[in-house]
Amino acid sequence: MKYFVLLFSIIMLLTGCNNNGGTGINPLPNFDAMWDYSHPDSTEMRFKEILPLLQNTSEFNIDADYQVQLLTQIARAQGLQGKFHEADSTLKEAKKLMTEDMSIAKIRYLLEKGRMFNSLGDKEQARPLFLEAYEYGLINNLDLYTVDAAHMMGIVEPAAKQLDWSLMALEVAEKSEDERCRGWLGALYNNIGWTFFDMQKYEDALKIHQKGYEWRKGQNNPEATRIAKWSVARMLRAVENYDEAMIMQQEILQELQENNL
């Protein structure tokens, strides 16, 4: 009985009346915030629980667009579980509902179809989908998904081209005013910096890691900031600036000791 009452209460909170008098979800749940990549099975279940609540309002553009985007993420959750046949069926359903004005839904569809093929080991079919997503994102100023597409291009391309795609992703992220897109910067600075390091391009590596450290300092994440600072110190050693490297390492050690870490 308690479970039924709780479930009923949640449904009542999620459902309401839209401006046209129909029953629907108002406001629409932020399903992106519901993602748990460590548990795609439970994520899929949560996403699927939203779908029935959209049926009465699916004729309205905002809900139809939302529904297509949600389906792409259900497909992603299915793909992460290795349920590729189901993921393919879900993406086909999304494509049937998609219209030309659904720009975000379209790029998310391209990304998830590409990810499905990539997970299947079919990079030849994945590559044109990611490339189309990247180009479409640039044209339509969809920075968050453009960076995602560039990131995926770096995965499916030969090693010699991976750095180029990472740098293209970085350029978009640095110029973007979308804070979600700029959230990619930490990982991009780190990965590109260490790629330069592995190539023995130490000056380039130092510049990138310094940018990463400066960005991290504004993110209120002490652990990630320490890692970025340590990376800068490591690059300073690589360019034989031992004195400055030592100062930074000692600062890190002092911080760890003061915080009992």
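Throughout, read-outs are computed from the coordinates displayed, never taken from laboratory work. Values in this document were obtained by computation on a predicted structure and should not be read as measured data. Here the Cβ is made from the backbone with ideal geometry for all residues, glycine too, and neighbour counts use every protein chain on show.
Working note: Karplus 6.51/-1.76/1.60 with θ = phi - 60° gives the range 77-87 the couplings 4, 5, x, 5, 8, x, 8, 6, 5, 5, 4 Hz, where Gly and Pro are set to x. The modelled label-to-label distance for the pair R46/H85, using points 7 Å beyond Cα in the direction of Cβ, is 2.8 nm. Of (1) 0.96; (2) 1.02; (3) 1.06, which is the value of Rg/Rh (Cα atoms, Kirkwood Rh) derived from the coordinates here? Matching the structure shown: (3).
Loop sites only, by DSSP: take the GluC sites (Glu not before Pro) in the chain that have at most 11 other C-beta atoms within 10 Å and name the longest stretch containing none of them.
With GluC sites (Glu not before Pro) excluded where exposed in loops, the chain gives 101-176 as its longest stretch.
If you average over every viewing direction, what projected area does the convex hull of the Cα atoms of the range 110-226 give, in nm²?
Numbers: hull surface 30.5 nm².
If you wrap the Cα atoms of the range 110-226 in a convex hull and average its projections, you get 7.6 nm².
Per-residue 3J(HN,Hα) values for the range 37-48, derived from phi via the Karplus relation 6.51 cos²θ - 1.76 cosθ + 1.60 with θ = phi - 60°, read 5, 7, 9, x, 5, 5, 5, 4, 4, 4, 5, 5 Hz in sequence order (x marks Gly and Pro).
Just checking the listed ones, A205, A224, A75: in the Gaussian network model of the chain with Cα springs under 10 Å, the one fluctuating most is A224.
Listed by chain and number, the lysines placed with their C-alpha closer than 17 angstrom to that of K229 are K207, K211, K217; residues fewer than eight positions away on the same chain are left out.
Only helical DSSP H runs with n ≥ 4 go in: add -39500 (n - 2.57) per run for the chain, normalise by residue count and round the 222 nm mean residue ellipticity to 500 deg cm²/dmol.
When only DSSP H runs of four or more count, the value is -23500 deg cm²/dmol.
Each residue, E223 and H39, gets one label point 7 Å from its Cα in the Cβ direction; the gap between the two is 1.9 nm.
Hey, can you rank 157-163, 232-238 by average C-beta count inside 10 Å, highest first?
Those peptides, ordered most packed to least, come out 232-238, 157-163.
Coupling constants for the range 134-143 follow from the phi torsions by the Karplus curve (6.51 cos²θ - 1.76 cosθ + 1.60, θ = phi - 60°), and in residue order they are 4, 5, 5, x, 4, 5, 9, 6, 9, 4 Hz; glycine and proline get x. Separation of the range 194-218 from the range 134-168 is 20 Å, based on Cα centroids.
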